[in-house]
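The block underneath contains the structure these notes are about, expressed in structure tokens.
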Amino acid sequence: MVVLAASIVGKSGKVLVSRQFVDMSRIRIEGLLAAFPKLIGTGKQHTYIETDNVRYVYQPIEALYLLLVTNKQSNILEDIDTLRLLSKLVPEYSYSLDEEGICKHAFELIFAFDEVISLGHKENVTVAQVKQYCEMESHEEKLHKLVMQSKINETKDVMKRKASEIDKSKIEKNRGDKGGFGPLTSMGSGRIENSLSDLSLSSTGTGFGSGSGFGLSTDVDSFSTKPKGRPTASANAPPKGLGMKLGKSQKTNQFLESLKAEGEVIHEDVQPKLGSSRSAAPPLTDPITLTVEEKLNVTLKRDGGVSNFDVQGQLSLQILNQEDGHIQVQVQTGDNQAVSFKTHPNMNKELFANEYILGLKDPNRPFPTGQASDAAGVGLLKWRMQSTDESIVPLTINCWPSSSGNETYVNIEYEASSMFDLRNVVISVPLPALREAPSVSQIDGEWRYDSRNSILEWSVLLIDNSNRSGSMEFVVPQTDSSSFFPISVRFTATDTFSDLKVTNIIPLKGGNPPKFAQRTQLIAENYQVV
């Protein structure tokens, strides 16, 4: 018996986990696994498939397949025995037998597969033995940890003794230095001794009285004033009021110093400054940004027709610098006569009606300025469009449930208008409460089953001229056709119904027109098929 690979695949052919036990190229194993879903027949009682070169031995696990790829000379009885053992191991490591659960525990499953199959041959093991082997503790590892802990404790003791000796030697040195400060010396030595015992010292001699030869007065000075030249230990002290935020404790510093003394390379984490933790979003590179945004609210009937179609748009202005506030905005509208525009009350309505220029009623008054991340900008223009014409709908959804026996077959197709290229399209289909994921037999795109909310999500990254239509087919236990409604749709587009464009920025105080950026987006805010 030679097992070429053990894999877990979805019923749509998506490979979740695959472990190869012989030398195979990636292209070959991907080709073998891609061919498997096409070879599965319906109504057959056996669970193996033979081709010219290999044999597939498989077992359904809820919405997935556990699959062994073997050569044709292998013993199929041993293959089935191996498959049965693997099928018992999968639930032990992945409690949720769906795509998300399998991918989350992929490495644990691979390790378990390795304990069952070695170089393509089955090992004589049980489920309990496999779990024990995967969780077994190492005696050598325990011994190594004990030795390392002993070294760490010993190094801490040595560092304590050395720190105490350094403290005493520095105090004696400060007392012996000249300076004639008498009472100040006796008073300051206690301060320095206490400071040295509280702060962590390094062996580089950069602490108080580190052989500088300037006497005690200089050391006391460096404690209360900003250090000059070579940094002292007081340079690392926090400002007043932050005495409890010294960072690492004395024991931690001593341990790190001991590791450095043994030649270890220590990468210490530098605490970020207070200002960096509150860093704002990166500022806009263009001094002026204009945003054209349309929100689409559509309700389609399941039997065809439009129940509600409403588009609401807005043109917003964001200015970074105050000197760019004295401007006017020249716009160009499309040919859509169904769109009705309405300017802001502070805008000059006659100027917009005659010349399509957006400017304030008072030309001496500048537009407000500020960061784009703090607000949505200043609204200059709003518009609205309503219709019942189904031909202008960007995306139509047709759902065809049909019952057969104890199952319901659901065919869903979409048709997209050529007016827009839709991005990040997600079609959410509600399902009745299911014990397992639905069986998706055909799909143009990707699918995901949300078991918590019982929703099947059909995702298409981009709908353009290459895929203006697509379909999905899945099977669930028999249920009423109304269970699949309402269907919700989400998408975005870079074109709008109004086709509004900003053509120019007119400076009112003369000079060259400032640079500006324009952003255009269409968002499906509430898009349903009921």
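ILE117 meets each of the listed conditions (1) within 21 Å of TYR65 (Cα to Cα); (2) modelled with pLDDT under 85; (3) surrounded by 11 or more Cβ atoms within 10 Å (Cβ to Cβ) apart from (2).
Screening ASP177 against (1) surrounded by 13 or more Cβ atoms within 10 Å (Cβ to Cβ); (2) modelled with pLDDT of 85 or more leaves a single unmet condition, (2).
One residue is enough: does the range 302-313 have a residue meeting the conditions of a type in the set (Val, Ile, Thr) and either touching a residue at least 60 places away in the same chain (Cβ under 8 Å) or open to solvent by 50 Å² or more (accessible area, probe 1.4 Å) (or both)? Outline the logic, then answer.
So the first thing to find is which residues in the range 302-313 are of a type in the set (Val, Ile, Thr), and the list is 306, 311.
Those left that are additionally either touching a residue at least 60 places away in the same chain (Cβ under 8 Å) or open to solvent by 50 Å² or more (accessible area, probe 1.4 Å) (or both): 306, 311.
Yes, the range 302-313 has at least one match.
Within the range 348-375, being hydrophobic (A, V, I, L, M, F, W, C), under 18 Å from THR289 (Cα atoms) and modelled with pLDDT of 85 or more holds for ILE357, LEU358, LEU360, PHE367. Considered as a group, the residues in the range 69-110 that are surrounded by fewer than 16 Cβ atoms within 10 Å (Cβ to Cβ) and of a type in the set (Phe, Trp, Tyr) include one that is farthest from ILE8 (Cα to Cα), and that residue is TYR95. The residues of the range 328-342 that are outside any loop (DSSP other than H, G, I, E, B) and either modelled with pLDDT under 90 or open to solvent by 20 Å² or more (accessible area, probe 1.4 Å) (or both), listed by number, are GLN328, GLN330, GLN332, SER340, PHE341, LYS342. The numbered conditions (1) within 30 Å of SER403 (Cβ to Cβ); (2) in a strand (DSSP E or B) are all true for THR492 except (1).
Somewhere in the range 148-162, is a residue buried (at least 17 other Cβ atoms within 10 Å of the Cβ) and in contact (Cβ under 8 Å) with a residue 40 or more places away in the chain? Walk me through how you get there before you give the answer.
Initial filter on the range 148-162 (buried (at least 17 other Cβ atoms within 10 Å of the Cβ)): 155, 159.
In the following step, the residues that additionally are in contact (Cβ under 8 Å) with a residue 40 or more places away in the chain were identified as 155, 159.
Yes, there is a match, as at least one residue in the range 148-162 is buried (at least 17 other Cβ atoms within 10 Å of the Cβ) and in contact (Cβ under 8 Å) with a residue 40 or more places away in the chain.
In the range 325-340, of all residues being out of contact with any Ser or Thr (no Cβ under 7 Å at 6 or more places or on another chain) and hydrophobic (A, V, I, L, M, F, W, C), the one that is nearest to VAL292 (Cα to Cα) corresponds to VAL329.
Can you spot a residue in the range 19-37 that is touching a residue at least 24 places away in the same chain (Cβ under 8 Å), touching a strand residue (DSSP E or B) at 6+ places or on another chain (Cβ under 9 Å), open to solvent by 70 Å² or more (accessible area, probe 1.4 Å) and closer than 28 Å to TYR449 by Cβ?
Keep residues of the range 19-37 that are touching a residue at least 24 places away in the same chain (Cβ under 8 Å), which gives 19, 21-22, 29, 32-33, 36-37.
Next, only the ones that are touching a strand residue (DSSP E or B) at 6+ places or on another chain (Cβ under 9 Å) stay: 19, 21-22, 29, 32-33, 36-37.
Next cut, open to solvent by 70 Å² or more (accessible area, probe 1.4 Å) only: 19.
After this cut, where a residue has to be closer than 28 Å to TYR449 by Cβ as well, the list is 19.
Scanning the range 19-37 turns up at least one residue that is touching a residue at least 24 places away in the same chain (Cβ under 8 Å), touching a strand residue (DSSP E or B) at 6+ places or on another chain (Cβ under 9 Å), open to solvent by 70 Å² or more (accessible area, probe 1.4 Å) and closer than 28 Å to TYR449 by Cβ.
The values are calculated or read from the model by the stated rules, or taken from the named source; none is laboratory data. This structure is a prediction, so every number in the text was calculated from the model and none was measured. Please note: Cβ atoms are built from the backbone with ideal geometry, for glycine as well, and neighbour counts cover all protein chains shown. Side chains included, ligands, DNA and RNA excluded: accessible areas come from the protein's heavy atoms. Shrake-Rupley method; radii C 1.70, N 1.55, O 1.52, S 1.80 Å.
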